[in-house]
């Protein structure tokens, strides 16, 4: 793997510029980002993936692209205003709600449900896009008032159902409350609590719920000494990295966060990248580029700059000759025997994955290897 001193600045800049162009080419005119244009089951827009993609574009100075996605999110939520109102009323009456009745996690580019059987009840995206919107408005000082109806509805939905079990980042284990999901919901409500366009009582309620989420997770973490994959469990998952950076549920240098990172390093980092979790079988359980970038982001924030640069170099080294970044690699598999069954089912690993490109961009910009001014001239 390339050492930090050997990082090719022009190569990294070229990959960053390609990443911006690849993301823009895969963004619909209505604002939605396709998760992967070449992978049939990923030809939809996820709120979670899109939030990180939009944040990366915002950091890169591509303001219009980010705001188009936020507008798409707001429209998706507002179009389901009546459904949300019904869900909130039923929650208030403590009525049972079937999983299929909740809002979906992925939509077509024109904001429709996919119409396919999918693990659709994932709460984190409804917090993640609010988090990204909050950063965007602070970063660029722009008026996003037109998005407030959708943003407020999303925050109310999150506030009502944050403690309800749902699928995790990997669309698995729907019977648990996942820490990475709770971190996204915390970050979304924390962002919404600062928006002057919302009534003060509403902002205060969002802040209080965010505090409850944080204390719920920390109480569990204090008991076992680290953040768990889900409440009541002991295992870790690489998505937990986001609980510190960027969601801020726990400080990046907090002992509980550092203990969690140490467990991820010990159990999920083998070939330079990062595995999702210890018994992963998806495409053989390879190392995910976006998770390597998340770990690098954490390293950058706590002063482990050389380690952060190694993660950036590892991600960049897995670009195809055309500059596209895949979802995961096949060179260090946890369950090699499981890989071919996924290829037979869905074809080769998703390439490009826009989320991988977004996280490469984010880490490159965080390390100032690439500057926003070097990307703004791109269409």
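Any read-out appearing in this document is the output of simple, stated calculations on the displayed coordinates, not a laboratory observation. Just so it is clear, the model here is predicted, and its values are computed rather than measured. Quick reminder, even Gly has a Cβ in these numbers, built from the backbone with ideal geometry, and neighbours come from all protein chains shown.
Please go through region 59-86 and pick out each residue that is farther than 19 Å from residue 139 by Cβ and touching a helix residue (DSSP H, G or I) at 6+ places or on another chain (Cβ under 7 Å).
75, 77, 78, 81, 84
Kindly state which helices (runs of 4 or more DSSP H) lie completely within region 37-155 and contain at least 2 residues that are surrounded by fewer than 23 Cβ atoms within 10 Å (Cβ to Cβ) and either touching a strand residue (DSSP E or B) at 6+ places or on another chain (Cβ under 8 Å) or touching a residue at least 24 places away in the same chain (Cβ under 8 Å) (or both).
Those helices (runs of 4 or more DSSP H) span 63-78, 81-92, 124-140.
Give the number of residues within region 352-379 that are under 21 Å from the mean Cα position of the chain (by Cα) and crowded, with 20+ Cβ neighbours inside 10 Å.
15
Can you name the residue in region 297-311 that is without any contact (Cβ under 8 Å) to a residue 40 or more places away in the chain and in a helix (DSSP H, G or I) and is also nearest to the chain's Cα centre (by Cα) among such residues? Steps first, please.
To start, the set of residues in region 297-311 that are without any contact (Cβ under 8 Å) to a residue 40 or more places away in the chain comprises 299, 303-304, 307.
Subsequent filtering for residues that are in a helix (DSSP H, G or I) retains 299, 307.
On the way: 299: 18, 307: 22 Å.
The extreme case among them is 299.
Looking at the structure I just gave you, is residue 195 part of a loop (DSSP other than H, G, I, E, B), in contact (Cβ under 8 Å) with a residue 24 or more places away in the chain and closer than 14 Å to residue 48 by Cα?
Criteria not met by residue 195.
Any idea which residue in region 337-355 is nearest to residue 69 (Cα to Cα), counting only those that are assigned to a loop (DSSP other than H, G, I, E, B) and touching a residue at least 40 places away in the same chain (Cβ under 8 Å)?
The selected residue is 353.
One residue is enough: does region 8-26 have a residue meeting the conditions at negative phi, free of Cβ contacts under 8 Å to residues at least 12 places away in the same chain, surrounded by fewer than 20 Cβ atoms within 10 Å (Cβ to Cβ) and in contact with a helix residue (DSSP H, G or I) (Cβ under 9 Å, 6 or more places away or on another chain)?
Yes, region 8-26 contains a residue that is at negative phi, free of Cβ contacts under 8 Å to residues at least 12 places away in the same chain, surrounded by fewer than 20 Cβ atoms within 10 Å (Cβ to Cβ) and in contact with a helix residue (DSSP H, G or I) (Cβ under 9 Å, 6 or more places away or on another chain).
Just to be sure I understand, how many residues within region 312-336 are closer than 21 Å to residue 52 by Cα, assigned to a loop (DSSP other than H, G, I, E, B) and over 20 Å from the mean Cα position of the chain (by Cα)?
The number of residues fulfilling the criteria is 3.
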